[in-house]
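One structure below.
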Amino acid sequence: MNINDFDFHLPEELIAQTPLENRESSRLMVLNRETGEISHKYFYDITSYFKAGDTLVLNETKVMPARLHGVKDDTGAHIEVLLLKQEENDCWETLVKPAKRVKEGTVLSFGEGKLRAECIGISEQGGRKLKFSYEGIFYEILDELGEMPLPPYIKETLDDRDRYQTVFAREVGSAAAPTAGLHFTNAILDELRAKGVHIAFITLHVGLGTFRPVSVDNIEEHDMHAEYYYMSEETAALLNRTREEGGRIITVGTTSTRTLETIAAEDGTFQAASGWTSIFIYPGYTFKATDGMITNFHLPKSTLIMLVSALAGREHVLHAYNEAVREKYRFFSFGDAMLIL
């Protein structure tokens with residue numbers, strides 16, 4: 001398939017720059033994946049689309065304050081570092097700006113020396129492997145010195161960093177938020193539980209590979225970056241029980257969807273698992289585990305809109321996106337939501 005098959009016109013003013021005051025007050029477009037029929041609601045209406053025995057799957061990853069500002073030890077030049085993936089022995093895969101100033105052996109200092117790093121390698125795509133040194137607990141120092149890594153299309157500063165975390169975030173490790181989950185409040189989750197809806201948690205640590213632009217015309221030639229996932233025995237058992245009892249499995253976000261589709265056996269059953277996934281889902285893919293999905297509105301030509309198109313059909317999705325533009329829905333991380341059933 002060609003990359004242009006997933007293009008649409010998006011006015012820049014529809015890119016949400018700040019979160020709404022109340023998480024649940026975002027708009028909700030409901031898309032019937034079979035007929036393409038569209039309904040316009042608000043996110044607080046979401047519970048009416050669930051029934052007892054359904055299972056909602058949430059990604060409980062927590063965003064790191066992964067953007068660091070430091071200086072080169074030798075020249076004092078400013079360097080910005082974005083942590084992507086932790087490796088062993090305090091080594092991290094990172095993106096560095098300006099990258100040309102950071103060669104192997106370059107030493108960086110953050111927070112007047114509270115945190116130091118040496119460049120020990122350069123990756124194929126220009127990233128840098130940094131080995132950090134410090135006294136104390138790394139994540140406590142990161143919490144003090146780091147900034148939330150908001151996407152580049154968000155120009156406004158974020159006053160409350162908790163608004164770029166879901167209310168159920170627990171497992172630290174993401175370089176970006178699983179943004180479909182940002183709409184949920186504890187009250188909505190309690191309301192779902194009261195209806196007999198099961199809540200299941202998985203972890204997928206979001207890397208920037210999810211958002212990396214597709215640079216090839218033929219999308220089948222695009223390579224996804226690997227991201228770490230984890231599913232507990234408890235979650236696997238709950239999903240299997242949901243299947244056996246005829247309930248629906250509804251994922252929150254493309255991250256939860258990719259995790260389930262990575263782990264599920266061909267018959268749609270699950271076992272506890274962890275590892276790295278680079279699954280790329282686009283039209284033609286046969287879903288093994290996902291009956292519905294809650295997601296935000298994504299970038300033209302992105303792997304995310306391709307995944308949504310695989311679930312609901314490319315023509316239905318592009319029609320829905322054009323409707324969202326006409327109706328002035330808010331797009332991307334702090335934007336509105338879509339429910340596909």
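The values are calculated or read from the model by the stated rules, or taken from the named source; none is laboratory data. None of the values given here were measured: they were computed from a predicted structure. Here the Cβ is made from the backbone with ideal geometry for all residues, glycine too, and neighbour counts use every protein chain on show. We work out accessible area using only protein heavy atoms, side chains counted, and drop any ligands, DNA or RNA first. Shrake-Rupley method; radii C 1.70, N 1.55, O 1.52, S 1.80 Å.
The share of alpha-carbon pairs in the range 1-55 lying farther apart than 18 Å comes to 61%. For the chain, the solvent-accessible area works out to 45 Å² per residue, with a probe of 1.4 Å and every protein chain left in place. With a cut-off of 17 Å on the backbone N, the residues of the range 138-165 near the modelled label site 7 Å out from GLU21 along Cα-Cβ are 159-160, 163.
Using just its DSSP H runs of length 4 or more, each adding -39500 (n - 2.57), the chain gives a mean residue ellipticity at 222 nm of -5500 deg cm²/dmol after division by all residues. Within the range 277-308, what residues put their amide N at less than 14 Å from the label point 7 Å along the Cα-to-Cβ vector of LEU341? Correct set: 291-295.
Please compute the length gained on full extension between GLU245 and LYS103, using 0.36 nm multiplied by the number of residues separating them and subtracting their Cα-Cα distance.
Working: separation 142, 0.36 × 142 = 51.12 nm, distance 5.70 nm.
Full-extension gain reported as 45.4 nm.
Modelled label positions at ASN89 and GLU144, each set 7 Å beyond Cα in the direction of Cβ, lie 2.6 nm from each other. Note on the chain: dipole from Cβ charges, positive end direction compared against THR203, PHE132, GLY247; the farthest Cα belongs to PHE132. For the range 150-224, which trypsin sites (Lys or Arg not before Pro) are both in a DSSP coil and crowded by at most 11 other Cβ atoms within 10 Å? Hits after loop and neighbour filter: LYS155, ARG170. Sorted from longest to shortest, the spans of the Cα atoms of the range 258-341 along the three principal axes equal 43, 24, 21 Å.
For ILE188, the solvent-accessible surface computed with a 1.4 Å probe is close to 10 Å², ligands and nucleic acids excluded.
Which percent of the accessible area of the chain is formed by carbon and sulfur heavy atoms (probe 1.4 angstrom)? Don't skip to the answer; put the middle values down first.
Details: 7010 of 15490 Å².
The nonpolar share, carbon plus sulfur, comes to 45 percent.
When the pairs LYS129/LYS288; LYS100/LYS301; LYS62/LYS103; LYS155/LYS328; LYS41/LYS155; LYS72/LYS131 are compared against a 25 Å limit on Cα-Cα distance, LYS129/LYS288; LYS100/LYS301; LYS62/LYS103; LYS41/LYS155 fall above it.
Efficiency by 1/(1 + (r/R0)^6): what FRET value for ASN2 and TRP276, r their Cβ-Cβ distance, R0 = 35 Å, to the nearest 0.05? Spell out each step's value before the answer.
Details: r = 29 Å, r/R0 = 0.82.
Result of the calculation: an efficiency of 0.75.
The length gained by stretching the chain between GLU37 and GLU234 to full extension, at 0.36 nm per residue less their Cα-Cα distance, is 67.4 nm.
In the range 136-252, the C-alpha radius of gyration followed by the widest Cα-Cα span (Dmax) gives 17.6, 50 angstrom.
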